[in-house]
Amino acid sequence: MSDTGGWRPPRDCDDYWSEWKHCKSLRNHFHNYYTHGKAPECQEWKRDYMTCRDWEKTKSELLKETLQQSERTRLEGKRNNSPVWTLRKNPPPDWCIILRYRRSVTGSLTF
């Protein structure tokens, strides 16, 4: 960490370790199973941590490119997530039918 010049990994190596520990946590497993229907894939974080530590020791160009490619892949995965709902510009045409009905039955719009 004393190297002030040159290339640095996109994250600190300890960040990869923290992400791996979080990924392996019981709470995250429950969350991922509820959200995606399967357990999370955590090996990527551990592999990146080991690659980062090895890069700190050797400053290898191959390890550098491996880390960069891993981060690019991770960012592409985030960009490719489409929203669950399509956002609409205007309310649906029949949005006030219930309000009109409620007013005619109860004389009030309150629930």
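Residues satisfying the criterion are absent from segment 35-42 (criterion: surrounded by 11 or more Cβ atoms within 10 Å (Cβ to Cβ), of a type in the set (S, T, N, Q) and part of a helix (DSSP H, G or I)).
Out of everything in segment 14-24 that is under 16 Å from the mean Cα position of the chain (by Cα) and of a type outside the set (Lys, Arg), what residue ends up being nearest to Cys52 (Cα to Cα)?
Tyr16
Filtered by the rule that a residue be of a type in the set (Ser, Thr, Tyr) and touching a Ser or Thr at 6+ places or on another chain (Cβ under 8 Å), segment 28-85 gives Thr51, Thr66, Ser70. Candidates in segment 49-67 are the residues that are within 23 Å of the chain's Cα centre (by Cα) and either modelled with pLDDT of 95 or more or β-branched (Val, Ile, Thr) (or both); of these, the one that is farthest from Glu19 (Cα to Cα) is Thr66.
On the stretch given as segment 68-111, residues that are modelled with pLDDT of 75 or more and either outside any loop (DSSP other than H, G, I, E, B) or among the aliphatic types (A, V, I, L, M) (or both) total 13.
The set of residues from segment 28-43 being of a type in the set (A, V, I, L, M, F, W, C) and within 19 Å of Arg74 (Cα to Cα) comprises Ala39, Cys42.
The values are calculated or read from the model by the stated rules, or taken from the named source; none is laboratory data. Here the structure is a predicted model, which means the values were calculated and not measured. In this analysis, Cβ positions are derived from the backbone assuming ideal geometry, glycine residues included, and neighbour counts consider all displayed protein chains.
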